[in-house]
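The values are calculated or read from the model by the stated rules, or taken from the named source; none is laboratory data. Since we're looking at a predicted model, the values are computed, not measured. Backbone-built Cβ (ideal geometry, glycine too); neighbour counts: all protein chains shown.
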């Protein structure tokens, strides 16, 4: 579900991405959006899996990914979250720029960003791209053996086991074999 949102009472300033010159102020605004999204999802019997705020052309995109605790997310679920979240964000007004709100399932090949994402992926295969100590980038599909708060233990296709710190991971997602 995508709903265009504009805030005519705000000037176009910095993005609310949690990164950049404003730093802590932007991070606080992101945290406010996350708290509202978590509350809306929870009230509907869902869980917030991830939330991404990024520039998309002249506007911003707020992507909200929700999952069910024991069932797949339906289009109806996404619509309910989108409508309620839109109302609450209009009241809270944490995003200074015009934005589009998108609500969806994280999908089969969901991103692995938070430690709990990695923990939920234990025993499954994941595509992981990360910076190595020598500065080069390595990308592979590996089995997630274990995951902690700062790193994950992986098994490469050749059987080699290694640990990767989350702070050097540039991209990671569950991997589905489509064959």
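Would you call residue 95 farther than 18 Å from residue 49 by Cβ and touching a strand residue (DSSP E or B) at 6+ places or on another chain (Cβ under 9 Å)? So residue 95 passes the test. Of the strands (runs of 3 or more DSSP E) lying entirely inside region 82-179, the ones with 1 or more residues being surrounded by fewer than 17 Cβ atoms within 10 Å (Cβ to Cβ), modelled with pLDDT of 95 or more and not assigned by TED's automatic domain parsing to the domain that holds residue 59 are found at 125-131, 137-147, 151-155, 161-165, 169-174. Could you check, for region 67-77, whether at least one of its residues is closer than 16 Å to residue 110 by Cβ, within 13 Å of the chain's Cα centre (by Cα) and surrounded by 12 or more Cβ atoms within 10 Å (Cβ to Cβ)? Yes, some residue in region 67-77 is closer than 16 Å to residue 110 by Cβ, within 13 Å of the chain's Cα centre (by Cα) and surrounded by 12 or more Cβ atoms within 10 Å (Cβ to Cβ). Take the residues of region 65-81 that are assigned to a loop (DSSP other than H, G, I, E, B) and touching a strand residue (DSSP E or B) at 6+ places or on another chain (Cβ under 7 Å): which is nearest to residue 39 (Cα to Cα)? Step by step, filter region 65-81, then rank; the result is 69.
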